[in-house]
Amino acid sequence: MSDEIAPHVHFQYADARHQSDTALAGMWLFLASEVLFFGGLIVAWMFCRHWQPDGFDAGARETVLWIGTINLILLVTSSFVYSTGVAFIEAGDVRRLVQCCLITACIGVLFLGLKFLEWYLDLSEHLFPAGPFKITGGEAGGARLFWSFYFVATGLHAVHMIVGIALVGWVAWQARHRTYSANWYTPVEAVGLYWSFVDIVWIVLYPVIYLVGRT
Amino acid sequence: MSQTMQAPVLPQQMTSYLTDGTSLRSWLLTTDHKRIAVLYMLSITAFFFLGGSAAALIRYNLLVPEGAIQSAETYNRLFTMHGVIMVWFFLVPAVPVTLGNFIVPLMLGARDLAFPKINLLSWYLFMIGGVCALYALFAGGVDTGWTFYAPLSSNYAQGHVVAVVAGIFISGFSTIATGLNFIITIHRLRAPGLTWYRLPVFIWSLYATSVIFVLATPVLAITLLLLTFERLFHVGVFDPRLGGDPLLFQHLFWFYSHPAVYIMILPGLGVVSEIVPVFSRKQLFGYKFVVWSSIAIAVIGFFVWGHHMFVSGQSLFASIAFSLLSFLVAVPSAIKVFNWLGTLHKGRIRFDAPMIYALGFIGLFTTGGLTGLFLAALAADVHLHDTYFVIAHFHYIMVGGMVSAYFAALHYWWPKISGRRYPEMIARASALLMFLGFNLTFFPQFILGYLGMPRRYHAYPPEFQVLNVLSSAGATILAAAYLMPLFYLTYSVFRGPRAPANPWAAIGLEWQTPSPPFTKNFAVTPIVTEGPYAYPDPGSDLADV
């Protein structure tokens, strides 16, 4: 009987509600695993900073604060826009959802564009930790370590952004083809959780990269 | 939980999962948890015999003090290959992805796992990771040991470190996917009436295992990523010459890899908790204690990693804390052993092959566990660290424990999986042979370690030869005991007598559906009204279940 009402319900579920709740629980658990992934990185980062604070501070002073800050504002805005989209589909407004997805994806692309610009500036300043390095002297070791963590962390975050933009684009495409309605929009919510998580990772990385030890 | 009944399965849909589609495509693109379990079973069997071959070559080399056939360099690559394959491509996935995948939905009265496509993705990730690692191991290999300690692995080691690490990294995500699937399935897809305390212990232990999969594996992933970054660009995250900290690598590595030891044993503890009640015809003694000791092992297991680093230069204070916590983890492990013995007490014990494997497990696990206490003691560890004592200790848990449990589970659920009976007498013989061969292989290694023979050397002083020859002789017996099931189980698939739905007269939802089950598992979703081990009291008549 459930087959007729909701063709997207897989046979192991009792009904669409059961399946939706399960899918969202799965996304939360996946994000818990992601927290440990980035958590391991940030713990290692803090551990190394603890032993070489001067070098890390010297490294942090070379970061491009204005790009990081604009990117922070962009991502928080994008999460807000996407959440608005979720509220629209709850009310059954598919057209607005598509618009919100497109704006979110555009902001994401803008973020990546700025990020690539920032990497370009970093590389042209010889801030890549391998090879000739801008900072010399006693603080060089710690500063190189800072920039190692910087490139690993921002690289991983950028990979997550690319996946996120693809997912948001997929939601928009699905919505345009009338897949979602006020009765069923689980993927919209699940992608929203992921997008907000990627946003939160940046909120954590921002002070670690740009603010700590800057003075 | 708000699960309602699904639509019943019609009789014409009740074809066995094995015959529901016979094309290669119907297997490689299946989302049926039972078929994915079979795919996994074939894959890990191949890995098991590859890893085993490396071990065989190691034991052959150690027949004579100067090393029989290998240079030091080749020997290093062989034990690394053995460790990497056995840990990541056999022991970690073994029971969860094969028997867990097959049995968990059946035990829950569910029609599949919560996310069948992610389950299939998990197998593909596993295979991609496996092929990546195998390519590297055969194209020249790695000589770092399975632990990849930096800066050896990041700066000095020759060989394909990056490719092996990439393989482990990718296969890590396959276990995360499996763990995620299990946790969500156990929370959300239990049959009506199947409360938490009516869940079989196997489910509880896979739940505990899955928590470790989901929360520890990502830390290994980031560690390996930093290691790769350091190796590719020669920057010093871990290399002290470049300003890094080698202890940091060990902390991060063991933060995953010690819980991973419990990934490797918890499913085995669950299997034995299933088998002992069935073949004693008794309730599991102290069900709640067994259940919560699984959870306790998983939780405490996250906080003992520093006991691998007693002689690595971590602070004495840290060592004392880790030593105490390591002693603490012995308590829930001992609770399990005592509860199995309590279950056996005054039971009507039947010595079928799964039970012989399970009883062997109890003895070997206890030996491995107790010798772990020697190593958790700070002073003793200084003497025993990096010797064959450690090798013997963890092989008693991993091989004597987990591999026995894997074979126990394989025999116990074989009629359900294949729909056939295996030849019982030859199975009992191979179970006994495995126990004997195992002890002959590894007990001498306790003595070797105590006498001071270090691990990971291709040659040794002549006075250690007798014990090494004993160990190698045992390894040949062990190899025979591993090969026998490969032949008779394969034979039984084609020629074995058909199995009934419940050949062991066991209680449990998986036995209430035909052998082999049909694709949707149950005709109607079962309703559960009692616990998983509701066997009649031993005093009562054997009117049976």
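The numbers here are math on the coordinates, done by the rules we state, and not lab data. Note that this is a predicted model, so its numbers are computed, not measured. Counting neighbours? That spans all protein chains shown, and the Cβs are built from the backbone with ideal geometry, glycine included.
Brief remarks follow.
- For chain A, built as a Gaussian network whose Cα springs stay under 10 Å, the top-fluctuating residue of A:TYR120, A:TYR185, A:TYR82: A:TYR120
- In degrees, nearest ten, helix B:161-188 long axis to first principal axis of chain B (Cα): 30 degrees
- Residues with amide H under 5 Å from that of B:THR387, placed H, sequence gap 5 or more: B:ARG455
- If R0 is 25 Å, the Cβ-Cβ spacing of B:SER23 and B:ALA480 corresponds to a FRET efficiency of close to 0.10.
- Per-residue Cβ neighbour rank within 10 angstrom, fewest leading, B:ILE170, B:ILE212: B:ILE170, B:ILE212
- Here the spin labels are modelled as points 7 Å beyond Cα on the Cα-Cβ line, and at A:ASN183 and A:THR215 they lie 6.1 nm apart.
- Counting only alpha carbon atoms, the long axis of helix A:94-124 and the longest principal axis of chain A meet at about 20°.
- In a DSSP loop and with at most 13 other Cβ atoms within 10 Å, the GluC sites (Glu not before Pro) in segment A:94-188 are A:GLU125.
- Charge context of B:PRO500, other residues only, Cβ under 12 angstrom, K/R +1, D/E -1: +4
- Cα centroid separation - segment A:120-151 against segment B:56-71, whole Å: 47 Å
- Spin-label model, B:GLU530/B:LEU436: points 7 Å from Cα along the beta carbon direction are separated by 4.1 nm.
- Computed from Cα positions, the angle between helix B:353-376 and the longest principal axis of chain B comes to roughly 30 degrees.
- Length-normalised contact order for segment A:102-202 - Cα pairs under 8 Å, 6+ apart - percent: 30 percent
- B:SER294, A:SER83, B:SER26 arranged by Cβ crowding within 10 Å, fewest neighbours leading: B:SER26, A:SER83, B:SER294
- For B:SER312 and B:ARG350, the difference between the fully extended length at 0.36 nm per residue and the C-alpha to C-alpha distance is 8.9 nm.
- Summary of the geometry: segment B:204-281 and segment B:445-479, compared by the centres of their Cα atoms, lie 28 Å apart.
- Estimated FRET transfer efficiency when R0 is 25 angstrom, pair B:ALA321-A:ALA32 (beta carbons, to 0.05): 0.45
- Exposed loop sites were defined as GluC sites (Glu not before Pro) in DSSP loop states (anything but H, G, I, E or B) carrying at most 13 other C-beta atoms within 10 Å; in chain B the longest segment without such a site runs B:67-529.
- Build a GNM of chain A with springs between Cα atoms under 10 Å apart, and of A:VAL94, A:VAL198, A:VAL159 the one that fluctuates most is A:VAL159.
- Kirkwood hydrodynamic radius over Cα pairs of chain A, then Stokes diffusion coefficient at 10 °C and 1.306 mPa s, in µm²/s: 83 µm²/s
- Kirkwood-type hydrodynamic radius, the protein assembly as shown: 27.8 Å, calculated from all non-identical alpha-carbon pairs.
- Note on B:GLN158 and A:TRP173: their simple-model spin labels are 4.8 nm apart, each label 7 Å out from Cα toward Cβ.
- Segment B:120-163 and segment B:21-54: distance between their alpha carbon centers, rounded to Å: 22 Å
- The trypsin sites (Lys or Arg not before Pro) of segment A:141-215 meeting both criteria, a DSSP state outside H, G, I, E and B (loop) and at most 14 other C-beta atoms within 10 angstrom of the site's C-beta, are A:ARG178, A:ARG214.
- For A:LYS134, a cut-off of 24 angstrom between C-alpha atoms picks up these lysines, skipping any fewer than 8 places away in its own chain: A:LYS115.
- Mean separation of Cα contacts under 8 Å (6+ apart) over length of chain B, as relative contact order %: 20 percent
- Going from the residue with the fewest nearby Cβ atoms within 10 Å to the one with the most, A:VAL43, B:VAL142 rank A:VAL43, B:VAL142.
- Cross-link pairs beyond the 21 Å C-alpha cut-off, checked among B:LYS346/B:LYS416; B:LYS288/B:LYS416; B:LYS34/B:LYS282; B:LYS34/B:LYS117; B:LYS282/B:LYS520; B:LYS288/B:LYS520: B:LYS346/B:LYS416; B:LYS288/B:LYS416; B:LYS34/B:LYS282; B:LYS282/B:LYS520; B:LYS288/B:LYS520
- Note on segment B:28-512: semi-axes of the ellipsoid equivalent to its C-alpha gyration tensor, largest first and rounded to whole Å, are 34, 25, 23.
- R0 of 35 Å, Cβ-Cβ distance B:GLU463-B:SER53: FRET efficiency to nearest 0.05: 0.75
- Residues listed by number, segment B:149-164, amide nitrogen under 12 Å from A:PHE47 label point at 7 Å toward C-beta: B:150
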